[in-house]
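The values are calculated or read from the model by the stated rules, or taken from the named source; none is laboratory data. Being a predicted model, the structure only gives us computed values, none of them experimental. Counting neighbours? That spans all protein chains shown, and the Cβs are built from the backbone with ideal geometry, glycine included.
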Amino acid sequence: MFLVTTPIYYVNDEPHIGHFYTTLAADVLARYYRALGKEVFFLTGTDEHGLKMQKSAQERSLSPKELADKNSSIFKSLWDELGISYTRFIRTTEKDHIELVKEVFLKCKENGFIYKGEYSGWYCVGCEEFKPESELLEGNACPIHLKPCEYITEPTYFFKLTAFGDFIKDFLKSGAVMPAGRVNEILSFIQEGLKDLSVTRPRSRVSWGIPVPFDKEHTIYVWFDALFNYVSGLPSWPASLHLVGKDILRFHALYWPAFLKSVNLELPERIFAHGWWKVEGQKMSKSLGNVLKPADLITSWGLDEIRYFLLREIPFGEDGDISNDAILRRINAELSNGVGNLFSRVIGIAIKFGKTQISGLKDVYYCNKAEEFVKSYHSKMQDIDFYGALEEVMSFCAFLNKYIDTKAPWALKDEELISNVLYALLDGVSLVCSCLEPFMPNKMQKALSAIGLSAPIFSPCAKQSHRVFNQLTLFPRR
Ligand code: MSP
(Lines give C-alpha, C1' and ligand atoms only; values in the text may rest on other atoms or scores of the structure.)
Protein backbone atom coordinates (compact mmCIF):
# COMPACT_ATOMS: atom_id res chain seq x y z
CA MET A 1 0.00 0.00 0.00
CA PHE A 2 1.24 3.50 -0.81
CA LEU A 3 0.80 5.62 2.33
CA VAL A 4 1.30 9.31 1.62
CA THR A 5 0.90 12.25 3.99
CA THR A 6 0.79 16.04 3.90
CA PRO A 7 1.65 18.18 6.90
CA ILE A 8 -1.39 18.82 9.05
CA TYR A 9 -2.18 22.51 8.73
CA TYR A 10 -2.48 25.05 11.51
CA VAL A 11 -6.04 26.22 11.86
CA ASN A 12 -5.32 29.72 13.10
CA ASP A 13 -5.13 30.71 9.46
CA GLU A 14 -7.08 30.26 6.27
CA PRO A 15 -5.78 27.97 3.54
CA HIS A 16 -3.43 29.62 1.06
CA ILE A 17 -1.55 28.52 -2.01
CA GLY A 18 1.30 27.04 0.11
CA HIS A 19 -1.10 24.63 1.79
CA PHE A 20 -2.63 23.79 -1.56
CA TYR A 21 0.78 23.07 -3.06
CA THR A 22 1.75 20.29 -0.62
CA THR A 23 -1.76 18.85 -0.74
CA LEU A 24 -1.79 18.91 -4.53
CA ALA A 25 1.52 17.06 -4.72
CA ALA A 26 0.14 14.33 -2.47
CA ASP A 27 -3.04 14.20 -4.54
CA VAL A 28 -1.12 13.76 -7.79
CA LEU A 29 0.93 10.89 -6.35
CA ALA A 30 -2.17 9.29 -4.85
CA ARG A 31 -3.94 9.44 -8.23
CA TYR A 32 -0.86 8.18 -10.03
CA TYR A 33 -0.45 5.10 -7.82
CA ARG A 34 -4.18 4.39 -7.95
CA ALA A 35 -4.01 4.53 -11.74
CA LEU A 36 -1.23 1.94 -11.54
CA GLY A 37 -3.62 -0.27 -9.60
CA LYS A 38 -1.89 0.17 -6.26
CA GLU A 39 -3.80 0.54 -3.01
CA VAL A 40 -3.35 4.07 -1.70
CA PHE A 41 -3.96 5.78 1.63
CA PHE A 42 -3.68 9.55 1.52
CA LEU A 43 -3.66 11.30 4.88
CA THR A 44 -4.14 15.02 5.47
CA GLY A 45 -5.71 17.08 8.22
CA THR A 46 -5.33 19.88 10.74
CA ASP A 47 -2.96 20.69 13.60
CA GLU A 48 -5.14 22.25 16.24
CA HIS A 49 -3.31 22.57 19.56
CA GLY A 50 -0.73 25.03 20.84
CA LEU A 51 -0.12 28.55 21.95
CA LYS A 52 -0.76 30.09 18.56
CA MET A 53 -4.28 28.67 18.49
CA GLN A 54 -4.89 29.58 22.10
CA LYS A 55 -3.95 33.21 21.36
CA SER A 56 -5.90 33.44 18.09
CA ALA A 57 -8.99 32.12 19.82
CA GLN A 58 -8.61 34.61 22.67
CA GLU A 59 -8.32 37.49 20.17
CA ARG A 60 -11.56 36.38 18.55
CA SER A 61 -13.34 35.74 21.87
CA LEU A 62 -13.83 32.11 20.96
CA SER A 63 -12.79 28.95 22.75
CA PRO A 64 -9.86 27.22 21.02
CA LYS A 65 -12.12 24.29 20.19
CA GLU A 66 -14.70 26.56 18.56
CA LEU A 67 -12.05 28.20 16.43
CA ALA A 68 -10.53 24.83 15.57
CA ASP A 69 -13.91 23.40 14.51
CA LYS A 70 -14.65 26.41 12.35
CA ASN A 71 -11.28 26.60 10.62
CA SER A 72 -10.67 22.90 10.29
CA SER A 73 -13.90 22.61 8.36
CA ILE A 74 -12.73 25.42 6.05
CA PHE A 75 -9.72 23.31 5.08
CA LYS A 76 -11.77 20.17 4.70
CA SER A 77 -14.48 21.79 2.57
CA LEU A 78 -11.88 23.44 0.37
CA TRP A 79 -10.16 20.10 -0.30
CA ASP A 80 -13.57 18.56 -1.04
CA GLU A 81 -14.48 21.37 -3.41
CA LEU A 82 -11.16 21.06 -5.21
CA GLY A 83 -11.49 17.30 -5.54
CA ILE A 84 -8.51 16.42 -3.36
CA SER A 85 -8.66 12.65 -3.15
CA TYR A 86 -7.65 12.20 0.50
CA THR A 87 -8.55 9.00 2.31
CA ARG A 88 -8.62 10.41 5.83
CA PHE A 89 -8.78 13.93 7.18
CA ILE A 90 -7.32 13.78 10.68
CA ARG A 91 -7.72 16.39 13.42
CA THR A 92 -5.36 16.43 16.39
CA THR A 93 -8.34 17.10 18.65
CA GLU A 94 -9.74 13.64 17.86
CA LYS A 95 -9.89 11.24 20.76
CA ASP A 96 -7.96 8.35 19.21
CA HIS A 97 -5.11 10.68 18.30
CA ILE A 98 -4.97 12.19 21.80
CA GLU A 99 -4.87 8.74 23.37
CA LEU A 100 -2.06 7.64 21.09
CA VAL A 101 0.04 10.72 21.88
CA LYS A 102 -0.35 10.17 25.61
CA GLU A 103 0.56 6.53 25.27
CA VAL A 104 3.64 7.29 23.20
CA PHE A 105 4.79 10.07 25.53
CA LEU A 106 4.56 7.72 28.47
CA LYS A 107 6.44 4.99 26.62
CA CYS A 108 9.14 7.48 25.69
CA LYS A 109 9.56 8.31 29.37
CA GLU A 110 9.57 4.63 30.34
CA ASN A 111 12.30 4.04 27.76
CA GLY A 112 14.39 6.68 29.53
CA PHE A 113 14.25 9.50 26.99
CA ILE A 114 12.20 12.07 28.91
CA TYR A 115 13.52 13.92 31.98
CA LYS A 116 12.52 17.03 33.91
CA GLY A 117 14.53 20.26 33.91
CA GLU A 118 14.31 23.96 33.31
CA TYR A 119 14.39 25.75 30.01
CA SER A 120 15.41 29.27 29.08
CA GLY A 121 15.27 30.50 25.54
CA TRP A 122 13.72 32.52 22.76
CA TYR A 123 10.32 31.21 21.74
CA CYS A 124 8.62 32.05 18.44
CA VAL A 125 4.88 31.53 18.71
CA GLY A 126 4.54 31.59 14.90
CA CYS A 127 6.87 28.59 14.57
CA GLU A 128 5.82 27.10 17.91
CA GLU A 129 9.54 26.59 18.52
CA PHE A 130 12.43 27.76 20.70
CA LYS A 131 14.92 29.41 18.36
CA PRO A 132 18.70 29.09 18.69
CA GLU A 133 20.12 32.54 19.48
CA SER A 134 22.39 32.30 16.43
CA GLU A 135 19.33 32.25 14.11
CA LEU A 136 17.66 35.38 15.50
CA LEU A 137 17.56 38.62 13.53
CA GLU A 138 17.85 42.11 14.95
CA GLY A 139 15.57 42.74 17.91
CA ASN A 140 15.55 38.96 18.57
CA ALA A 141 13.16 38.51 15.67
CA CYS A 142 12.33 35.12 14.20
CA PRO A 143 13.88 34.74 10.72
CA ILE A 144 10.65 33.23 9.36
CA HIS A 145 7.99 35.39 11.03
CA LEU A 146 10.11 38.55 11.39
CA LYS A 147 8.49 39.17 14.76
CA PRO A 148 10.34 39.39 18.13
CA CYS A 149 10.64 36.10 19.99
CA GLU A 150 9.75 35.90 23.64
CA TYR A 151 12.47 35.09 26.25
CA ILE A 152 11.14 32.42 28.55
CA THR A 153 12.42 30.51 31.59
CA GLU A 154 10.21 27.69 32.76
CA PRO A 155 10.17 24.12 34.09
CA THR A 156 9.90 21.60 31.31
CA TYR A 157 10.36 17.98 30.32
CA PHE A 158 13.22 17.38 27.93
CA PHE A 159 13.50 14.77 25.22
CA LYS A 160 17.01 13.26 24.98
CA LEU A 161 17.63 14.25 21.41
CA THR A 162 21.38 14.04 22.02
CA ALA A 163 21.08 10.25 22.32
CA PHE A 164 20.08 10.04 18.65
CA GLY A 165 22.72 12.12 16.83
CA ASP A 166 24.44 9.23 15.04
CA PHE A 167 21.18 7.46 14.35
CA ILE A 168 19.76 10.55 12.66
CA LYS A 169 22.94 11.17 10.68
CA ASP A 170 22.73 7.63 9.30
CA PHE A 171 19.10 8.16 8.37
CA LEU A 172 19.91 11.45 6.65
CA LYS A 173 22.72 9.82 4.69
CA SER A 174 20.57 6.86 3.64
CA GLY A 175 18.94 8.78 0.78
CA ALA A 176 15.48 8.58 2.37
CA VAL A 177 15.30 12.36 2.69
CA MET A 178 15.16 14.46 -0.45
CA PRO A 179 16.28 16.68 -2.06
CA ALA A 180 19.92 16.14 -1.11
CA GLY A 181 20.70 19.86 -0.84
CA ARG A 182 18.28 20.31 2.01
CA VAL A 183 19.66 17.28 3.82
CA ASN A 184 23.02 19.02 4.01
CA GLU A 185 21.41 21.96 5.81
CA ILE A 186 20.19 19.60 8.51
CA LEU A 187 23.49 17.77 8.72
CA SER A 188 25.28 21.05 9.36
CA PHE A 189 22.68 21.94 11.99
CA ILE A 190 23.57 18.67 13.74
CA GLN A 191 27.26 19.42 13.28
CA GLU A 192 26.83 22.62 15.28
CA GLY A 193 25.87 20.43 18.23
CA LEU A 194 22.53 18.92 19.18
CA LYS A 195 20.80 19.86 22.41
CA ASP A 196 18.05 18.03 24.21
CA LEU A 197 14.64 19.26 23.17
CA SER A 198 12.04 20.82 25.44
CA VAL A 199 8.86 18.82 24.72
CA THR A 200 6.36 20.24 27.18
CA ARG A 201 5.09 23.68 28.19
CA PRO A 202 3.70 24.53 31.62
CA ARG A 203 -0.07 24.24 31.62
CA SER A 204 -0.25 27.75 33.10
CA ARG A 205 1.17 29.06 29.78
CA VAL A 206 -0.24 26.60 27.28
CA SER A 207 -3.46 25.00 28.33
CA TRP A 208 -4.72 24.16 24.83
CA GLY A 209 -3.00 20.86 24.22
CA ILE A 210 -2.62 17.28 25.35
CA PRO A 211 -1.70 16.98 29.05
CA VAL A 212 1.44 15.04 30.01
CA PRO A 213 -0.07 11.75 31.22
CA PHE A 214 2.07 11.62 34.38
CA ASP A 215 2.07 15.36 35.22
CA LYS A 216 -1.08 17.35 34.59
CA GLU A 217 0.75 20.65 35.17
CA HIS A 218 2.38 20.28 31.76
CA THR A 219 1.13 20.21 28.18
CA ILE A 220 2.79 18.12 25.47
CA TYR A 221 4.66 20.23 22.90
CA VAL A 222 2.52 20.82 19.84
CA TRP A 223 5.10 19.36 17.42
CA PHE A 224 5.37 16.11 19.42
CA ASP A 225 1.58 15.94 19.31
CA ALA A 226 1.32 16.88 15.62
CA LEU A 227 3.98 14.55 14.23
CA PHE A 228 2.30 11.51 15.73
CA ASN A 229 -0.79 12.21 13.61
CA TYR A 230 1.00 10.17 10.99
CA VAL A 231 0.92 7.12 13.23
CA SER A 232 -2.60 7.65 14.55
CA GLY A 233 -3.98 8.56 11.11
CA LEU A 234 -2.49 5.89 8.86
CA PRO A 235 -3.90 2.37 8.80
CA SER A 236 -0.39 0.93 9.15
CA TRP A 237 3.08 2.19 9.87
CA PRO A 238 5.59 3.22 8.47
CA ALA A 239 4.49 5.83 5.96
CA SER A 240 5.75 5.47 2.39
CA LEU A 241 6.21 9.20 1.99
CA HIS A 242 5.89 12.42 3.98
CA LEU A 243 5.55 15.50 1.80
CA VAL A 244 6.53 18.70 3.61
CA GLY A 245 7.69 22.23 2.91
CA LYS A 246 11.35 23.12 3.37
CA ASP A 247 10.54 25.20 6.47
CA ILE A 248 9.41 22.15 8.41
CA LEU A 249 11.97 19.65 7.19
CA ARG A 250 13.98 19.92 10.40
CA PHE A 251 11.00 18.68 12.40
CA HIS A 252 10.44 15.79 10.02
CA ALA A 253 13.98 14.70 9.27
CA LEU A 254 15.58 15.31 12.66
CA TYR A 255 13.12 15.34 15.56
CA TRP A 256 10.63 12.90 14.05
CA PRO A 257 13.07 10.01 13.46
CA ALA A 258 14.37 10.47 17.01
CA PHE A 259 10.85 10.45 18.50
CA LEU A 260 10.03 7.32 16.53
CA LYS A 261 13.20 5.50 17.49
CA SER A 262 12.70 6.40 21.15
CA VAL A 263 9.48 4.36 21.17
CA ASN A 264 10.79 1.61 18.90
CA LEU A 265 8.76 2.59 15.86
CA GLU A 266 10.07 2.33 12.30
CA LEU A 267 11.09 5.37 10.29
CA PRO A 268 9.15 6.68 7.28
CA GLU A 269 10.43 5.29 3.98
CA ARG A 270 10.85 8.70 2.36
CA ILE A 271 10.55 12.39 3.18
CA PHE A 272 10.48 15.02 0.47
CA ALA A 273 10.75 18.76 1.14
CA HIS A 274 9.47 21.18 -1.49
CA GLY A 275 10.35 24.84 -1.91
CA TRP A 276 8.35 27.99 -1.31
CA TRP A 277 6.32 30.14 -3.66
CA LYS A 278 6.60 33.87 -3.91
CA VAL A 279 3.82 35.89 -5.47
CA GLU A 280 4.76 38.30 -8.27
CA GLY A 281 8.30 38.32 -6.85
CA GLN A 282 7.32 38.99 -3.24
CA LYS A 283 7.20 36.84 -0.15
CA MET A 284 3.56 36.08 0.71
CA SER A 285 2.53 37.80 3.91
CA LYS A 286 -0.55 39.10 5.63
CA SER A 287 1.06 42.49 6.14
CA LEU A 288 1.72 42.85 2.41
CA GLY A 289 -1.84 41.71 1.76
CA ASN A 290 -0.67 39.36 -0.98
CA VAL A 291 -1.67 36.03 0.52
CA LEU A 292 -2.84 34.02 -2.43
CA LYS A 293 -5.96 31.91 -1.92
CA PRO A 294 -6.20 28.80 -4.10
CA ALA A 295 -9.86 29.51 -4.89
CA ASP A 296 -9.07 32.97 -6.33
CA LEU A 297 -6.36 31.66 -8.59
CA ILE A 298 -8.54 28.78 -9.73
CA THR A 299 -11.48 31.05 -10.50
CA SER A 300 -9.24 33.09 -12.80
CA TRP A 301 -7.43 30.24 -14.54
CA GLY A 302 -9.19 26.93 -13.93
CA LEU A 303 -8.46 24.12 -11.52
CA ASP A 304 -6.54 21.78 -13.82
CA GLU A 305 -4.56 24.66 -15.29
CA ILE A 306 -3.37 25.74 -11.83
CA ARG A 307 -2.62 22.16 -10.80
CA TYR A 308 -0.48 21.85 -13.92
CA PHE A 309 1.21 25.21 -13.48
CA LEU A 310 2.26 24.59 -9.87
CA LEU A 311 3.93 21.28 -10.61
CA ARG A 312 5.38 22.31 -13.95
CA GLU A 313 6.71 25.80 -13.38
CA ILE A 314 9.62 24.76 -11.16
CA PRO A 315 11.24 21.47 -10.19
CA PHE A 316 9.63 20.15 -7.03
CA GLY A 317 12.06 21.02 -4.26
CA GLU A 318 13.01 24.46 -5.59
CA ASP A 319 11.53 27.87 -4.83
CA GLY A 320 9.35 29.54 -7.43
CA ASP A 321 7.34 32.58 -8.33
CA ILE A 322 3.65 32.72 -9.21
CA SER A 323 2.71 35.47 -11.59
CA ASN A 324 -0.16 35.90 -14.01
CA ASP A 325 2.31 36.24 -16.87
CA ALA A 326 3.98 32.95 -16.02
CA ILE A 327 0.63 31.15 -15.76
CA LEU A 328 -0.52 32.59 -19.09
CA ARG A 329 2.71 31.50 -20.76
CA ARG A 330 2.44 27.92 -19.49
CA ILE A 331 -1.21 27.57 -20.43
CA ASN A 332 -0.76 28.90 -23.94
CA ALA A 333 2.54 27.26 -24.78
CA GLU A 334 2.08 23.84 -23.26
CA LEU A 335 -1.60 23.22 -22.66
CA SER A 336 -3.26 25.03 -25.60
CA ASN A 337 -0.53 24.77 -28.24
CA GLY A 338 0.98 21.57 -26.90
CA VAL A 339 -1.47 19.05 -25.50
CA GLY A 340 -4.78 20.61 -26.59
CA ASN A 341 -3.68 21.21 -30.14
CA LEU A 342 -2.23 17.72 -30.54
CA PHE A 343 -5.43 16.22 -29.19
CA SER A 344 -7.75 18.07 -31.59
CA ARG A 345 -5.36 17.58 -34.47
CA VAL A 346 -5.38 13.79 -34.06
CA ILE A 347 -9.12 13.56 -33.47
CA GLY A 348 -9.63 15.91 -36.43
CA ILE A 349 -7.64 13.64 -38.76
CA ALA A 350 -9.52 10.56 -37.60
CA ILE A 351 -12.87 12.29 -38.12
CA LYS A 352 -11.78 13.62 -41.52
CA PHE A 353 -11.11 10.06 -42.66
CA GLY A 354 -14.45 9.03 -41.26
CA LYS A 355 -12.78 6.63 -38.87
CA THR A 356 -14.02 6.04 -35.36
CA GLN A 357 -12.63 2.55 -34.86
CA ILE A 358 -8.96 2.29 -35.75
CA SER A 359 -6.94 -0.87 -35.83
CA GLY A 360 -3.64 -0.76 -37.58
CA LEU A 361 -0.30 -2.44 -37.89
CA LYS A 362 2.03 -1.45 -35.11
CA ASP A 363 4.76 0.92 -36.21
CA VAL A 364 7.84 -0.38 -34.39
CA TYR A 365 9.52 3.01 -34.53
CA TYR A 366 6.54 4.62 -32.80
CA CYS A 367 6.09 1.78 -30.29
CA ASN A 368 9.75 1.98 -29.22
CA LYS A 369 9.55 5.73 -28.75
CA ALA A 370 6.38 5.32 -26.73
CA GLU A 371 7.92 2.58 -24.57
CA GLU A 372 10.88 4.83 -23.83
CA PHE A 373 8.60 7.73 -22.97
CA VAL A 374 6.41 5.77 -20.57
CA LYS A 375 9.46 4.29 -18.87
CA SER A 376 11.04 7.69 -18.24
CA TYR A 377 7.71 9.11 -17.12
CA HIS A 378 7.31 6.38 -14.48
CA SER A 379 10.84 6.75 -13.27
CA LYS A 380 10.41 10.51 -12.82
CA MET A 381 7.05 10.09 -11.07
CA GLN A 382 8.51 7.53 -8.70
CA ASP A 383 11.38 9.91 -7.92
CA ILE A 384 8.79 12.61 -7.12
CA ASP A 385 10.11 14.64 -10.03
CA PHE A 386 6.85 16.13 -11.30
CA TYR A 387 8.65 18.71 -13.40
CA GLY A 388 10.69 16.01 -15.11
CA ALA A 389 7.66 13.77 -15.68
CA LEU A 390 5.78 16.66 -17.31
CA GLU A 391 8.84 17.50 -19.37
CA GLU A 392 8.73 13.92 -20.70
CA VAL A 393 5.07 14.36 -21.62
CA MET A 394 5.83 17.62 -23.44
CA SER A 395 8.68 16.03 -25.42
CA PHE A 396 6.46 13.13 -26.37
CA CYS A 397 3.76 15.58 -27.58
CA ALA A 398 6.42 17.28 -29.69
CA PHE A 399 7.45 13.90 -31.08
CA LEU A 400 3.83 13.09 -31.98
CA ASN A 401 3.37 16.46 -33.69
CA LYS A 402 6.48 15.79 -35.74
CA TYR A 403 5.23 12.28 -36.48
CA ILE A 404 2.07 13.79 -37.97
CA ASP A 405 4.12 16.20 -40.07
CA THR A 406 6.44 13.54 -41.46
CA LYS A 407 3.77 10.93 -42.07
CA ALA A 408 1.44 13.58 -43.53
CA PRO A 409 -1.61 11.31 -43.26
CA TRP A 410 -3.81 13.79 -45.17
CA ALA A 411 -1.76 13.07 -48.30
CA LEU A 412 -2.05 9.30 -47.95
CA LYS A 413 -4.35 7.35 -50.20
CA ASP A 414 -3.74 3.84 -48.99
CA GLU A 415 -6.39 2.84 -46.41
CA GLU A 416 -4.01 0.57 -44.57
CA LEU A 417 -1.27 3.16 -44.31
CA ILE A 418 -3.77 5.69 -43.01
CA SER A 419 -4.96 3.24 -40.36
CA ASN A 420 -1.41 2.49 -39.28
CA VAL A 421 -0.57 6.16 -38.77
CA LEU A 422 -3.85 6.85 -37.05
CA TYR A 423 -3.35 3.88 -34.76
CA ALA A 424 0.02 5.22 -33.61
CA LEU A 425 -1.36 8.72 -33.15
CA LEU A 426 -4.32 7.63 -31.09
CA ASP A 427 -2.14 5.35 -29.05
CA GLY A 428 0.18 8.29 -28.42
CA VAL A 429 -2.63 10.62 -27.46
CA SER A 430 -4.11 8.08 -25.08
CA LEU A 431 -0.73 7.76 -23.37
CA VAL A 432 -0.34 11.53 -23.14
CA CYS A 433 -3.78 11.91 -21.56
CA SER A 434 -3.17 8.98 -19.23
CA CYS A 435 0.14 10.36 -17.99
CA LEU A 436 -1.44 13.77 -17.47
CA GLU A 437 -4.50 12.37 -15.70
CA PRO A 438 -3.03 12.51 -12.15
CA PHE A 439 -2.13 16.17 -12.75
CA MET A 440 -5.31 17.30 -14.51
CA PRO A 441 -7.94 14.70 -13.63
CA ASN A 442 -10.96 16.71 -14.77
CA LYS A 443 -9.88 17.60 -18.28
CA MET A 444 -8.05 14.35 -18.84
CA GLN A 445 -11.00 12.20 -17.85
CA LYS A 446 -13.02 14.05 -20.48
CA ALA A 447 -10.24 13.61 -23.01
CA LEU A 448 -9.90 9.92 -22.22
CA SER A 449 -13.60 9.27 -22.61
CA ALA A 450 -13.59 11.12 -25.95
CA ILE A 451 -11.23 8.37 -27.09
CA GLY A 452 -13.17 5.57 -25.47
CA LEU A 453 -11.12 5.08 -22.31
CA SER A 454 -12.60 5.03 -18.85
CA ALA A 455 -9.25 4.98 -17.05
CA PRO A 456 -5.60 5.78 -17.79
CA ILE A 457 -3.55 3.19 -19.65
CA PHE A 458 0.22 3.05 -19.56
CA SER A 459 1.09 0.26 -21.99
CA PRO A 460 2.02 1.47 -25.46
CA CYS A 461 0.70 -0.47 -28.45
CA ALA A 462 -1.11 -2.97 -26.23
CA LYS A 463 -4.63 -2.26 -27.42
CA GLN A 464 -5.95 -3.99 -30.54
CA SER A 465 -7.75 -0.88 -31.68
CA HIS A 466 -8.54 2.67 -30.65
CA ARG A 467 -11.82 4.52 -30.82
CA VAL A 468 -12.78 8.11 -31.39
CA PHE A 469 -16.03 9.47 -30.03
CA ASN A 470 -15.95 13.24 -30.19
CA GLN A 471 -13.83 16.33 -30.77
CA LEU A 472 -12.89 18.50 -27.77
CA THR A 473 -11.23 21.84 -27.20
CA LEU A 474 -9.36 20.98 -24.04
CA PHE A 475 -7.50 24.23 -23.34
CA PRO A 476 -8.79 27.30 -25.16
CA ARG A 477 -6.05 29.87 -25.79
CA ARG A 478 -6.06 32.80 -23.34
N1 MSP B 1 1.27 22.42 11.55
C2 MSP B 1 2.55 22.41 10.97
C3 MSP B 1 2.86 21.09 10.34
C4 MSP B 1 2.79 19.92 11.23
S5 MSP B 1 3.06 18.43 10.39
C6 MSP B 1 3.17 17.25 11.56
C7 MSP B 1 2.63 23.52 9.90
N8 MSP B 1 1.47 23.95 9.41
S9 MSP B 1 1.27 25.15 8.36
O10 MSP B 1 -0.14 25.43 8.34
O11 MSP B 1 2.14 26.22 8.67
O12 MSP B 1 1.53 24.56 6.94
C13 MSP B 1 2.72 24.39 6.49
C14 MSP B 1 2.80 23.87 5.07
O15 MSP B 1 2.51 24.89 4.10
C16 MSP B 1 4.25 23.52 4.92
O17 MSP B 1 4.46 22.38 4.15
C18 MSP B 1 4.80 24.78 4.26
O19 MSP B 1 5.99 24.56 3.61
C20 MSP B 1 3.67 25.15 3.34
N21 MSP B 1 3.80 26.55 2.95
C22 MSP B 1 3.52 27.66 3.66
N23 MSP B 1 3.81 28.75 2.90
C24 MSP B 1 4.31 28.37 1.70
C25 MSP B 1 4.67 29.00 0.50
N26 MSP B 1 4.70 30.31 0.38
N27 MSP B 1 5.01 28.21 -0.55
C28 MSP B 1 4.94 26.85 -0.50
N29 MSP B 1 4.58 26.22 0.60
C30 MSP B 1 4.45 26.92 1.78
O31 MSP B 1 3.72 23.91 9.56
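Quickly run through segment 410-425 and pick out the residues that are touching a residue at least 12 places away in the same chain (Cβ under 8 Å) and over 15 Å from residue 465 (Cβ atoms). 410, the sole residue that qualifies.
Taking segment 229-257 as the range and being within 11 Å of the ligand (Cβ to nearest atom) and farther than 22 Å from residue 105 by Cβ as the test, the residues that pass are 243, 244, 245, 246, 247, 249. Of the listed requirements (1) more than 20 Å from residue 28 (Cα to Cα); (2) buried (at least 16 other Cβ atoms within 10 Å of the Cβ), residue 414 misses just one: (2).
Checking the condition in contact with a strand residue (DSSP E or B) (Cβ under 9 Å, 6 or more places away or on another chain), touching a residue at least 24 places away in the same chain (Cβ under 8 Å) and in a loop (DSSP other than H, G, I, E, B), which residue from 152, 144 passes?
Values: 152 fails: in a loop (DSSP other than H, G, I, E, B).
None of the other options fit; the residue is 144.
In the set (1) surrounded by fewer than 20 Cβ atoms within 10 Å (Cβ to Cβ); (2) outside the structural domain of residue 147 (by TED's automatic domain parsing), the condition left unmet by residue 235 is number (2).
Residues that are touching a residue at least 60 places away in the same chain (Cβ under 8 Å) and outside any strand (DSSP E or B) were ranked within segment 112-130; the one that is farthest from the chain's Cα centre (by Cα) is 113.
Give the residue, chosen from 72, 77, 56, that is of a type in the set (S, T, N, Q), closer than 20 Å to residue 93 by Cα and away from the ligand (no atom under 14 Å from the Cβ). Walk me through it before giving the result.
On the way: 72 fails: away from the ligand (no atom under 14 Å from the Cβ); 56 fails: away from the ligand (no atom under 14 Å from the Cβ).
Result: 77 is the single residue among 72, 77, 56 that is of a type in the set (S, T, N, Q), closer than 20 Å to residue 93 by Cα and away from the ligand (no atom under 14 Å from the Cβ).
Scanning segment 198-221 finds one or more residues that are modelled with pLDDT under 95 and within 14 Å of the ligand (Cβ to nearest atom).
Identify, please: which residue in segment 264-285 is away from the ligand (no atom under 12 Å from the Cβ) and of a type outside the set (Asp, Glu) and is, among those, surrounded by the most Cβ atoms within 10 Å (Cβ to Cβ)? Don't jump to the end; show me each part of the working.
Step one: of segment 264-285, the residues away from the ligand (no atom under 12 Å from the Cβ) are 264-267, 269-270, 280-281.
Then drop every residue that is not of a type outside the set (Asp, Glu), which leaves 264-265, 267, 270, 281.
On the way: 264: 8, 265: 16, 267: 20, 270: 17, 281: 8.
Only one residue fits best here, namely 267.
When the criteria are applied in full, residue 120 meets the requirement of being farther than 26 Å from residue 268 by Cβ, exposed (fewer than 15 other Cβ atoms within 10 Å of the Cβ) and more than 16 Å from the ligand (Cβ to nearest atom).
Applying the criterion of being out of contact with any strand residue (DSSP E or B) (no Cβ under 9 Å at 6 or more places or on another chain) and among the charged types (D, E, K, R) to the residues of segment 97-117, the residue that is surrounded by the fewest Cβ atoms within 10 Å (Cβ to Cβ) is 110.
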